[in-house]
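The values are calculated or read from the model by the stated rules, or taken from the named source; none is laboratory data. Because the structure is predicted, anything quoted here is derived from the model rather than measured. Every residue, glycine among them, receives a Cβ derived from its backbone with ideal geometry; neighbour counts consider all protein chains shown. Surface areas here come from the heavy atoms of the whole protein model, side chains and all, with no ligands, DNA or RNA. Shrake-Rupley method; radii C 1.70, N 1.55, O 1.52, S 1.80 Å.
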Amino acid sequence: MLLVLRENSVKMCPRPANVVSAEKKEDSTKKQQPLETINLDQGDPTMFVEYWKKAGEKSSIVIPGWQNLSYFPNINGGNICWFLEKEFSDEIKKLHELVGNAITKDRYIVVGTGSTQLYQASLFALASTDDTGNDSSSRPMDVVSAVPYYSSYPAVTDFLKSGLYKWSGDACKFDDKNEPYIEVVCSPNNPDGHTMTPVVNGNRGKLIHDLAYYWPQYTPIPKPADHDIMLFTVSKSTGHAGTRLGWAIVKDEKIARKMTKFIELSTIGVSKDSQYRAATIMRAVTESAQSISLQLAGNFFDFGRKTMVDRWERLRKVASENGAFSLPKYSKRYCNYFGEIREAHPGFAWLKCNLENVEDCESLLEGKLKILVRGGKNFGMDYKKYVRVSLIDQEDKFQMLLDRLSSVSSSSTKIKA
């Protein structure tokens with residue numbers, strides 16, 4: 001038998017008031033759910049995941065269980081740094097030659113567990129050597145850098161409580177008193193992305209150039225850098241922060257030997273597995289730029305540049321529309337690598353809060369918008385209007401950043417619905 005229900009033939013019983021009330025409360029709760037906290041404090045370069053997923057086997061490496069058991073490299077090639085693998089050293093030189101961002105000919109390469117270890121090794125080598133090249137036993141050498149300086153410099157400098165050197169703050173306020181000192185020049189600068197040069201320029205100064213971001217996806221490359229000590233890192237060049245590997249290009253043989261000794265005594269060298277992986281990745285980057293392989297993924301640096309240009313354009317649009325925040329402006333320069341005049345698109349945004357009733361930008365972003373950032377005080381700033389925001393995380397986090405910044409009114413700290 002077929003049962004047919006006519007329209008309106010079945011009457012629905014009214015729902016109890018307590019059920020309706022509970023449903024409304026549930027809907028209201030859903031609308032008022034707290035924001036998910038997004039961490040843009042660290043420069044975690046996960047935006048490159050998209051590229052390397054497309055790169056395939058060319059960027060992969062298999063290490064058998066029997067390989068790399070020895071402390072010593074499989075092939076060293078006569079390097080002063082006795083734990084440096086020749087394959088990694090060769091790929092470093094090829095990549096710098098391709099990009100044109102550093103001179104490696106007749107230079108010494110020292111490998112370290114990230115650029116932080118190499119920074120400490122540089123301090124040790126420079127501070128333990130006097131003006132004549134002999135071992136130094138004088139008072140602790142002052143270490144300075146121009147504000148805003150990289151936030152880790154003070155802590156890393158003083159962490160070992162060395163009697164050889166000590167952190168002495170802002171290079172712009174430093175009086176060298178004709179004494180030896182070390183100035184750290186970070187260029188492009190972390191946090192604000194500007195091109196930097198030495199500030200103190202004293203007769204007895206020694207320089208460390210931190211060039212972690214001197215790559216064409218972040219900044220124009222007008223010429224190869226040629227300094228006494230230049231620090232680079234895999235994390236920012238290719239995006240492989242977890243590999244924990246960096247390298248220094250050093251002019252002076254004695255300094256290179258002292259840096260090597262520091263790392264030897266600290267960690268008895270550097271992971272061979274990491275060096276082989278980094279060599280494979282760098283080879284893939286070089287070949288992608290030469291159109292030898294990785295057609296699907298394309299030129300690595302072109303991917304990085306397009307991604308950073310797109311993100312900066314979207315971020316500047318948000319800042320200009322709501323007026324609550326402002327960003328640095330960068331002068332255009334000729335880039336030899338891309339063969340064009342372009343401006344910098346740094347991996348961090350040095351964001352300034354323009355709201356009159358907000359003194360602490362970090363508290364605004366973390367408290368109201370649930371965006372973890374790094375406040376200006378960490379970079380030597382006297383006031384709290386500035387924050388550093390990472391722009392090299394994955395796309396979903398970046399879009400959440402834009403959405404939340406857009407919700408701030410320029411006339412108040414009230415978040416728009």
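Overview of results
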| read-out | value |
| --- | --- |
| Relative contact order (%) - region 249-390, alpha-carbon pairs under 8 angstrom, separation at least six | 14 percent |
| Cβ-based net charge around residue 83, under 9 Å, with every Lys or Arg adding one and every Asp or Glu removing one | -1 |
| List 186, 172, ordered by accessible area with a 1.4 Å probe, largest first | 172, 186 |
| Helix-only CD estimate at 222 nm, as mean residue ellipticity for the chain, using -39500 (n - 2.57) per DSSP H run (n ≥ 4) | -10500 deg cm²/dmol |
| Approximate spin-label separation residue 329-residue 316, in nm, with each point projected 7 Å along Cα-to-Cβ | 1.0 nm |
| Rounded to the nearest 10 Å², the accessible area of residue 383 at probe 1.4 Å | 110 Å² |
| DSSP bridge orientation in region 116-190 - percent antiparallel, rounded to nearest 5 | 10 percent |
| Largest to smallest accessible area among 35, 315, 207 [probe 1.4 Å] | 35, 207, 315 |
| Using alpha-carbon coordinates, inclination of helix 253-267 to the longest axis of the chain, degrees | 50 degrees |
| Length-normalised contact order for the chain - Cα pairs under 8 Å, 6+ apart - percent | 21 percent |
| Nearest 10 degrees, 0 to 90: helix 86-99 Cα axis against the chain principal axis | 70 degrees |
| Electrostatic dipole magnitude of region 198-306 [Cβ: Lys, Arg +1; Asp, Glu -1; Cα centre; debye, to 20] | 220 debye |
| Residue 90 - accessible surface, heavy atoms, 1.4 Å probe, Å² rounded to 10 | 50 Å² |
| Average accessible area per residue (Å²) across the chain - probe 1.4 Å, nucleic acids and ligands excluded | 50 Å² |
| Of 173/261; 86/261; 206/329, those spanning more than 25 Å from alpha-carbon to alpha-carbon | 173/261; 206/329 |
| Linear extension gain, residue 39 paired with residue 228, 0.36 nm per residue minus alpha-carbon span | 64.5 nm |
| Of 105/272; 58/105; 352/377, those spanning more than 20 Å from alpha-carbon to alpha-carbon | 105/272; 58/105 |
| Angle between the chain longest axis and helix 114-127 axis [Cα atoms, degrees, rounded to 10] | 30 degrees |
| Loop-located GluC sites (Glu not before Pro) in region 329-417 whose Cβ has at most 16 other Cβ within 10 Å (DSSP) | 343, 356, 359 |
| Contact order relative to length of region 31-107, as percent, for alpha carbon pairs under 8 angstrom and 6 or more apart | 12 percent |
| Listed residues 326, 75, 299: farthest to the positive end of the dipole of the chain (Cβ charges) | 326 |
| Antiparallel DSSP beta bridges within the chain, as percent of all bridges there, nearest 5 | 55 percent |
| Label-point separation, residue 399 to residue 93 (7 Å along Cα→Cβ), nm | 4.6 nm |
| Label-point gap, in nm, between residue 356 and residue 268 - each point 7 angstrom along Cα→Cβ | 6.5 nm |
| Accessible-area order (highest first, 1.4 angstrom probe) of the listed residues 106, 403, 41 | 106, 403, 41 |
| Whole-Hz ³J(HN,Hα) from phi, Karplus 6.51 cos²θ - 1.76 cosθ + 1.60, for region 391-405, glycine and proline x | 10, 10, 7, 5, 4, 4, 5, 5, 5, 4, 4, 4, 4, 6, 5 |
| Per-residue SASA entry for residue 333, accessible area with 1.4 Å probe, Å² rounded to 10 | 70 Å² |
| Test item: Cα-centred dipole of the chain, Lys/Arg +1 and Asp/Glu -1 on Cβ, debye | 1080 debye |
| Net +/- balance of residues flanking residue 383 in space, Cβ distance below 13 Å, scoring K and R +1, D and E -1 | 0 |
| Region 36-151: mean projected area of Cα convex hull, nm² | 13.1 nm² |
| Correct choice for volume of the Cα convex hull per residue in Å³ that was computed from the model, options (i) 172; (ii) 227; (iii) 245 | (iii) |
| Where Rh is the Kirkwood radius over Cα pairs, Rg/Rh for region 122-278 | 0.95 |
| Apportionment of accessible area to carbon and sulfur, the chain, percent (1.4 Å) | 51 percent |
